Amino acid sequence: MAAAAPSATAVSTAALLAPNPAPTSAFLRRTQLTRHRLHSLKCRRAGPVVPAAAAAAAGSSSPSSAVFHGECFVVGDNIDTDQIIPAEHLTLVPSKPDEYRKLGSFAFAGLPSAAYPTPFVAPGEESSRYAVIVGGANFGCGSSREHAPVALGAAGARAVVAEGYARIFFRNSVATGEVYPLELTDAGAWKECKTGDVVTVDLGNSVFINHTSGKEYKLKPIGDAGPVIEAGGIFAYARKTGMIASKASA
C-alpha cells in the first residue's frame, strides 16, 4: 500500500504561515504576489452560528474555540470546484455586496440533481439553511478558483467537515477566511450522515457531533490555520499581527 500523503491541514497551514517575520519571508513574498487577487475576493469573515463561551484574546495564536450548530448538507468523494461554483458564475465580483450574495445563491449549483435531489440553496433564495457541509475525500479538487470557498461562505456555510481536501481548496478557504476546512480522523464518517441531520462542530475540542444519529467523530485540529480564518483571512490576520501595515496606517 502506498504511503499516505501529508494531510492538507499540515501542509497548507505551513505554506500559509511561514514563521520568519523578516520582510523577505515566504509569507510576505506570497502576500505581495497575491494581494490584489485575493483582496477582490474577500468580503467578510466566516462567523460562528453559535458563539463560543469565551472569545480568544486579541492577537492570540491559539486554535479557534468557535462552535457551529445547525443542519448539515452531505456530499460524497471528489466534489470539484466546478460543482461547488460553476465557471459561468465566476464573472461575479465578491467585493460587491449584491454580487457576493448572488454568488452564494449559486453554491453547489453544479451538483447533479439526480444524485443530490435536495439543493444546497433553495430556488429563489440567496442563502442556504445548511450551516455545515459534510463530505468525503478530495473535497474541492479541480480548478484553483477562490470563488469556491467564497460561494459557500456567502451562502451561509460556516464549516466543511470532510475526509480530506484538495490542497488548493484548503489554502483558499484559509486565505479568504470564509469557511473552516476541517478534516475527519476516520474514513467513512460522511456515509453515516444524511442531509438535514442536526450537527455541532466544536473546534476547541476538535469534535463533530451528529445529534440526529447520536454519533460523535474526532476532527484533526485546525492548528495555525484557525486564527487566520477567525481573523477574516490571510490579509486581515497579517494586519492584526503586524506582518503588514494596517489599513489605518497604510
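The values are calculated or read from the model by the stated rules, or taken from the named source; none is laboratory data. Note that the structure is a prediction, hence the values are computed from the model and not measured. Because the Cβ atoms are built from the backbone with ideal geometry, glycine has one as well, and the counts that use them run over all protein chains shown. Quick note on the areas: whole protein, heavy atoms, side chains included, nothing else; ligands and nucleic acids left out. Shrake-Rupley method; radii C 1.70, N 1.55, O 1.52, S 1.80 Å.
Residues in region 104-116 that are crowded, with 22+ Cβ neighbours inside 10 Å, among the small types (G, A, S) and not in a helix (DSSP H, G or I): A107 alone. Scanning region 63-80 for residues that are within 16 Å of A148 (Cβ to Cβ) and open to solvent by 10 Å² or more (accessible area, probe 1.4 Å) turns up N78, D80. Considering region 81-100, the residues that are free of Cβ contacts under 8 Å to residues at least 12 places away in the same chain and assigned to a loop (DSSP other than H, G, I, E, B) include one that is surrounded by the most Cβ atoms within 10 Å (Cβ to Cβ), namely K96. With respect to the conditions (1) more than 21 Å from the chain's Cα centre (by Cα); (2) farther than 26 Å from T176 by Cα, K191 lacks only one, and its number is (1). Any residue at all in region 213-225 that's surrounded by 23 or more Cβ atoms within 10 Å (Cβ to Cβ) and touching a residue at least 60 places away in the same chain (Cβ under 8 Å)? Within region 213-225, one or more residues are surrounded by 23 or more Cβ atoms within 10 Å (Cβ to Cβ) and touching a residue at least 60 places away in the same chain (Cβ under 8 Å). Evaluate region 117-125: report whether one residue or more is surrounded by 18 or more Cβ atoms within 10 Å (Cβ to Cβ) and touching a Leu at 6+ places or on another chain (Cβ under 9 Å). Yes, the conditions are met somewhere in region 117-125. Scanning region 171-192 for residues that are in a loop (DSSP other than H, G, I, E, B) and open to solvent by less than 10 Å² (accessible area, probe 1.4 Å) gives G177, E178, V179. Residue pairs whose Cβ atoms lie under 9 Å apart, sitting 6 or more positions apart in sequence or on different chains, and linking a residue in region 139-168 that is surrounded by fewer than 24 Cβ atoms within 10 Å (Cβ to Cβ) to a partner that is modelled with pLDDT under 95 and aromatic (F, W, Y), are E163/W190.
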